[in-house]
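Structure first, then comments.
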Amino acid sequence: MGRVPYWNINYGIVVDLLAVPLLFIFLYGLYGHWKRIKQGLAKTSLRSFSLPSSSLKIGSVYICSLFTKGILGSRIYKKLFTGIAHGFLFWGMLLLSIGSALVFTNVLFGLPVFKGAFNRWFMSFALDAAGLAALSGTLFLLIRRLAFPPERLVVAKARSGFILMETVIAVIILTGFLLEALRISHNGFEEGAFVGNWTAGFLCGRGDKLFLHQIIWWGHGLIALAFISYIPYSPLIHLVLAPINTGLAIPVPGPKMGVLDFDAFEAEEAEEAEDLPGLGVCKLADFSRKRLLDFSTCLWCGRCHEVCPAAQTGKSLSPKMVIVTLSEYMNEDRFQDDSLLEEISGNAIYSCTTCAACMEVCPVSVNQPKAIMRMRQHLLMERSEIPETMGQAHKSLEARQHPFFGTGSGPNDWRKGMNVPIFKKEITEYLLWIGCAAVYEERTQKVARSMVNILQKARVSFGILEESRCTGDPAKQMGNEFLFTEIARENIAEFHSLGVKKIITICPHCYNSFTRHYPPLGGFFTVIPHPVFINKIIASGELSLRSEKQTICYHDPCYLGRRNGIFSEPRSIISSLGRLVEMPRNRKQSFCCGGGGGNYWAEEEGSRINQARAKEAVDTGAVKIATACPFCLLMMTDGLKKYTEEMKVFDIAEIVSIACN
């Protein structure tokens, strides 16, 4: 007997008709989310940088991100078993939903879905396989959440509602299989329905199967409809919001902070504009709509907590805690509640190293660092609240244009005894940007000297500024956008007056500022990080190295690797110098040194981040530990003192400089 819709059911169309009012309940739930998100700022005073033309975009939606992260959920699979379970559940339920839609089209339009090969291979076999996969995924997630939840799920706060929804999904799938088995046990074998045929074997001759089938059919249908209509009011709303959030997220690594447009505050109409933000954020209503979408989309999965260097070393900060707090404020309509920063705490806000590890692992593209930094901006620029040691660095930056208070080095000490050329307009090709860390810290002065030696050996046309300057990055990371903009504009003006077009940096923080934050202020330059430039001149034959039998471990600086995607060039250089060994956490999963976000000048609570990272490096057994950032060099050198007095940490430029002599 061929399969027919509503078999053994009278008035089955009622379930389909009930879908109409329940659809309105579903849409009303979505409207509630939009109503809350709409309370954020439509306009911001941030200027952003332009994206590469390769980013396919329709309107405000980035198509590749929407498809890979939002629909395919590519980051979910970074945790193998959890990812497989989610994949089984999502794709299984999607196929089952398509099957239900096809049944409905059969009822309305007579589409022959229950005939021939299509019925056998899709409506029977594929849907049975989909149901089995979805049930397996659901049971894995449900049992794990009930019996042995990982710490990341319960830290800060566990999300309520998942257990209920996962239980309902399991009930829907099980009753669906039971309905199929009851139908087959009465009508006979169905080709392809391997689960139904197997289950039907246990039901032969057992009671009034037709009546049981009717009871279960109505229960199955009504529960399924209720489940779908409840999605916007449950944690499963991420099924709708996650693709939207990932599609709207700029597909460039890092927080994409932009720069504050102070001209907007100075304009005559600024006093009339209620939708322009102040300096930073002190309450939920000060965030942009995109940030509020972030908070609504967050799964509370805690993957960000697992990788956060502050959270993993006993600091006040947990990125999950921050987003959960913001999400709860939204759900409670506390948009104007100015107790938000006290709830999160200044200690937590300033503990962020801006490493962006949380963003890298977030499966739904939540921008945790940007939310934290917006609150930090308010603390510093509006309240003048900043940790004491960091505050001293900030004052030094305001007074002396560099943050290294108490330094014993003068601006020209690093180049004593060296003939370092000064950049000359229309003559010099590259500006070697020394920055401030390589000038005022004795240990990192060796990096600047090494880079000069390398460029001179390769006969590169380069020069430095007569007076060393800071890019302003420390001011930005501490939260003072005004000071950053002031310093950046001064630098840009000098670059333009000198005709600078190409810049070589020896600090990833400087590189990040030049490429991300200077363009919105009118500073467009070709900027090359020193590992990339060194690798280029090695590959071209302009620089020859002698290789040694040494093992070298490489620490990926967050601002070079995770934030700007530069991974292969430093490794290529190291491989030409010796044997590269990797730490367990490397490349995009690299662990921060602890010096970012102004925390080089912080008094740490809990254990020290740099010591945790140094331990990983020591455990590789490498003879040397290489990096490509002056702050990483300083932090790793200091962290290593807990394990050895031997000098093992070097910048790539230092190792290359020795090998090319």
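The values are calculated or read from the model by the stated rules, or taken from the named source; none is laboratory data. Just so you know, these numbers come straight off a predicted model, no measurement behind them. Methodologically, a virtual Cβ is constructed for each residue, glycine included, from the backbone with ideal geometry; neighbour enumeration extends over all protein chains shown. Accessible surface is based on the protein model in full, side chains and every heavy atom, while ligands, DNA and RNA are left aside. Shrake-Rupley method; radii C 1.70, N 1.55, O 1.52, S 1.80 Å.
Values as computed for the structure displayed
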{"item": "Too-long pairs where the Cα-Cα distance tops 21 Å, listed order kept, from 588/615; 446/648; 57/536; 370/502; 35/320", "result": "57/536; 370/502; 35/320"}
{"item": "Ranked by how many other beta carbons lie within 10 Å on average, peptides 295-302, 74-81, 507-514 from highest", "result": "507-514, 295-302, 74-81"}
{"item": "Rounded if a/c under 1.5, otherwise prolate or oblate - the range 278-324, Cα gyration tensor axes", "result": "oblate"}
{"item": "Estimated inter-spin distance, residue 549 and residue 187, nm [label 7 Å along Cα→Cβ]", "result": "7.6 nm"}
{"item": "Cleavage-rule hits, chymotrypsin sites (Phe, Trp or Tyr not before Pro), the range 573-661, DSSP coil, Cβ neighbours within 10 Å at most 14", "result": "643"}
{"item": "Phi to ³J(HN,Hα) by Karplus 6.51 cos²θ - 1.76 cosθ + 1.60 over the range 319-332, Hz, x for Gly, Pro", "result": "x, 5, 4, 4, 5, 4, 4, 5, 5, 5, 4, 5, 5, 8"}
{"item": "Unit charges at the beta carbon, dipole of the range 311-385: most positive-side option, 368, 335, 357", "result": "357"}
{"item": "Surface share of carbon and sulfur [accessible, 1.4 angstrom probe, percent] for the chain", "result": "58 percent"}
{"item": "Within the chain: Cβ-based charge dipole about Cα centre, in debye rounded to nearest 20 (Lys, Arg +1; Asp, Glu -1)", "result": "2040 debye"}
{"item": "FRET E, pair residue 98, residue 34, Förster distance 35 Å, beta-carbon r, rounded to 0.05", "result": "0.85"}
{"item": "Charge dipole (the range 439-582, unit charges on Cβ, about Cα centre) - positive-most of 480, 538, 507", "result": "538"}
{"item": "Rounded accessible area of residue 208 (nearest 10 Å², 1.4 Å probe)", "result": "100 Å²"}
{"item": "For residue 626, residues with placed amide H under 5 Å, excluding near neighbours", "result": "553, 554, 555, 650"}
{"item": "Accessible area per residue, Å², the range 553-630 with all protein chains present, probe 1.4 Å", "result": "32 Å²"}
{"item": "Alpha-carbon centroids, the range 197-261 and the range 401-434: separation in whole Å", "result": "61 Å"}
{"item": "Probe 1.4 Å, all protein chains present, accessible-area order of 459, 587, largest first", "result": "459, 587"}
{"item": "Dipole magnitude of the range 513-661, debye to nearest 20 (Cβ charges: Lys/Arg +1, Asp/Glu -1, about Cα centre)", "result": "400 debye"}
{"item": "Antiparallel bridge percentage (DSSP; both residues within the chain; nearest 5)", "result": "15 percent"}
{"item": "Point-charge dipole on Cβ atoms (K/R +1, D/E -1) for the range 568-624, about Cα centre, debye to 20", "result": "300 debye"}
{"item": "Lys/Arg +1, Asp/Glu -1 at C-beta; the chain dipole; positive extreme among 492, 210, 224", "result": "210"}
{"item": "Partners for residue 457 among aspartates and glutamates (Cα-Cα distance below 15 Å; same-chain residues under 8 apart left out)", "result": "542, 654"}
{"item": "Relative contact order for the chain, counting Cα pairs under 8 Å that sit 6 or more residues apart, in percent", "result": "13 percent"}
{"item": "Nearest-ten-degree value, helix 80-109 long axis tilted from longest Cα axis of the chain", "result": "40 degrees"}
{"item": "Nearest-ten-degree value, helix 162-187 long axis tilted from longest Cα axis of the chain", "result": "40 degrees"}
